[in-house]
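None of the figures in this text is laboratory data; all of them are computed from the coordinates on show. Treat the numbers as computed from the prediction; the structure is a model and nothing was measured. Every residue, glycine among them, receives a Cβ derived from its backbone with ideal geometry; neighbour counts consider all protein chains shown.
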Amino acid sequence: MTDLNVSSEPVKYNPDFAKEIYALESGEHVKLCMQCGMCALSCATREEMDYSPRKLFLLMRVGKREEFFKANTMWMCSTCLMCKVRCPRGIPLADVMHDLKSHAIKLGYTERPQATFYQSFWQEILNKGRVFEGGLMARYYLKRGWSEMTKGLFEMRDLGMTMLKHNRMPLKSPKSIKGLKSMKQIIERAQAQMHREEGR
Ligand code: SF4
Ligand code: SF4
């Protein structure tokens, strides 16, 4: 007789990680997930993801924190909103994915290039109130390192030349927007409010 080595002991899950995710701005909605799989079927970038959104939520429920944050799923979400439209429970998955990215960065899960790109984009916005492609790429490659820079610049040379030809990538950094100080104050207030709500 084959020994299947199956324990009769009930599997114990650690619910703390799920509670942490439920406490995020849109996290409460994830409680409603019934694992139907509609998001996985609808997702535009599912083929590029380590786990579908459905499976990612399952990892969360069983407390697999490292697997959850190390998966590329949240980073491959293109915010196409198809899953949000089709989810029978009305879960705003794109908003949840945004929360997850932000949370992952706060916790230091920044090794993925998409995380670096998000951070660089945000810093560029805070700097001038608008995005200057040259500044964005400089920030990105300064963080990613020399070898990625040479590889990336080589791979994107055709795209870069086409953008330059069509005036889609200015070489000179634009001026800051008017009211940059006010914009920063609005962001600081919004962040303070978000931290208060997350701490409740
Ligand atoms: S479609 Fe909605 S309910 Fe279904 S698995 Fe995805 S998130 Fe969960
Ligand atoms: S919003 Fe993100 S997770 Fe949802 S279908 Fe689009 S790419 Fe997939």
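Taking Cα atoms, how many degrees apart are the long axis of helix 93-107 and the longest axis of the chain, rounded to 10 and kept between 0 and 90?
Rounded to the nearest ten degrees, it is 80.
Just going by the charge dipole of the chain, with Lys and Arg at +1 and Asp and Glu at -1 on Cβ, which of Gln123, Pro15, Tyr141 is farthest out on the positive end?
Positive-most Cα among the choices belongs to Gln123.
So which lysines pass the test for Lys64, namely a Cα distance under 23 Å, with those fewer than 8 places away in the same chain ruled out?
Lys64 reaches Lys12, Lys19, Lys31, Lys55, Lys101, Lys106.
What span do the alpha-carbon atoms of the chain cover on each of the three principal axes, reported in whole Å from largest to smallest?
Answer, in whole Å and largest first: 72, 43, 32 Å.
Which whole-number percent is the relative contact order of the chain (Cα, under 8 Å, 6+ apart)?
This gives 18 percent for the chain.
According to a simple spin-label model (label point 7 Å from Cα along Cα-to-Cβ), what is the distance in nm between Gln119 and Lys19?
According to this spin-label approximation, the distance is 3.0 nm.
Just the isolated ones, please: cysteines in the chain lacking another cysteine beta carbon under 4.7 angstrom.
That list is Cys33, Cys36, Cys43, Cys77, Cys80, Cys87.
Tell me, what is the percent relative contact order of the stretch 111-200, built from C-alpha pairs under 8 Å that lie six or more residues apart?
Answer for the stretch 111-200 is 32 percent.
Tell me, Leu100, Leu41 in order of fewest to most beta-carbon neighbours within 10 Å?
Result, fewest neighbours first: Leu41, Leu100.
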